[in-house]
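Below is one structure, written out as structure tokens; the observations come after it.
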Amino acid sequence: SSCQAGNPDIAQGGGPHCIPRMARLWQHPYVNVFKAFDVTSKATCQQQGNVTEEMDRTIGKRVIKIQGPVSATNFLQLPHPSSHVKSLGLTGAFVYLQVMPLAASHFVIHLDFIVADQTTLRLSLSNMFREPKMLSRVVQYPAPLQSCWSVVCVHVPS
């Protein structure tokens, strides 16, 4: 389907880039996902296992601390799988993650993207991966982060 010509609230063109201007504007220049999507609400996100919110004195921000021996049973998922919202609707070209892995612990971060042909591509970042690997619709990428605050930037070309 193509966008509506003449409507100032709709971007011109067709296909997946047909995003209402307001959807793009509220994200400019960036989106703090934890503020935009209430991560403390059980309606907007799923928390399982040892997930706590606390104030980090080093960066002076509210953080979500996820810990536990098995990452598959200790996680935060946005949006909630049973929510009527199936996508965060983010449109930016970059994803910035500020993370601090716990010392001597493994971590995995999964980012799911809907690509141009409307299929889902998963990017998994982890300190358990030794080299980049592509498996069907999953890209596994090593993230050997130290036990200190780090910013990870992922370029998501349109």
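The values are calculated or read from the model by the stated rules, or taken from the named source; none is laboratory data. These numbers come from a predicted model, not from an experiment. Cβ coordinates were reconstructed from backbone atoms using ideal geometry, including for glycine residues, and neighbour counts include every protein chain displayed. The protein model used for the area step is the full one, side chains on, heavy atoms only, and it has no ligands, DNA or RNA in it. Shrake-Rupley method; radii C 1.70, N 1.55, O 1.52, S 1.80 Å.
Tallying residues that are over 24 Å from A72 (Cα atoms) and either hydrophobic (A, V, I, L, M, F, W, C) or more than 14 Å from the chain's Cα centre (by Cα) (or both) within the range 28-59 yields 9.
For the range 116-137, indicate whether the set of residues that are touching a residue at least 12 places away in the same chain (Cβ under 8 Å), among the charged types (D, E, K, R) and touching a Ser or Thr at 6+ places or on another chain (Cβ under 8 Å) is non-empty.
Checked the range 116-137: at least one residue is touching a residue at least 12 places away in the same chain (Cβ under 8 Å), among the charged types (D, E, K, R) and touching a Ser or Thr at 6+ places or on another chain (Cβ under 8 Å).
The residue that is surrounded by the most Cβ atoms within 10 Å (Cβ to Cβ), among those in the range 84-97 that are in contact (Cβ under 8 Å) with a residue 60 or more places away in the chain, out of contact with any Cys (no Cβ under 8 Å at 6 or more places or on another chain) and aliphatic (A, V, I, L, M), is L90.
Taking (1) under 27 Å from P29 (Cβ atoms); (2) out of contact with any Cys (no Cβ under 6 Å at 6 or more places or on another chain); (3) in contact (Cβ under 8 Å) with a residue 24 or more places away in the chain; (4) of a type outside the set (S, T, N, Q) in turn, M55 satisfies each apart from (3). Of everything in the range 98-118 that is open to solvent by less than 50 Å² (accessible area, probe 1.4 Å) and more than 19 Å from A72 (Cβ to Cβ), the residue that is nearest to the chain's Cα centre (by Cα) is F113.
Scanning the range 58-83 for residues that are open to solvent by less than 70 Å² (accessible area, probe 1.4 Å), of a type in the set (S, T, Y) and at pLDDT 90 or above turns up just one, T73.
Residues are listed down the side, and each one gets a yes or a no for (1) at pLDDT below 85; (2) under 19 Å from A93 (Cα atoms):
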position	(1), (2)
S1	yes, no
A5	yes, no
A11	yes, yes
H17	yes, yes
P20	yes, yes
L25	yes, yes
H28	yes, yes
T40	yes, no
E53	no, no
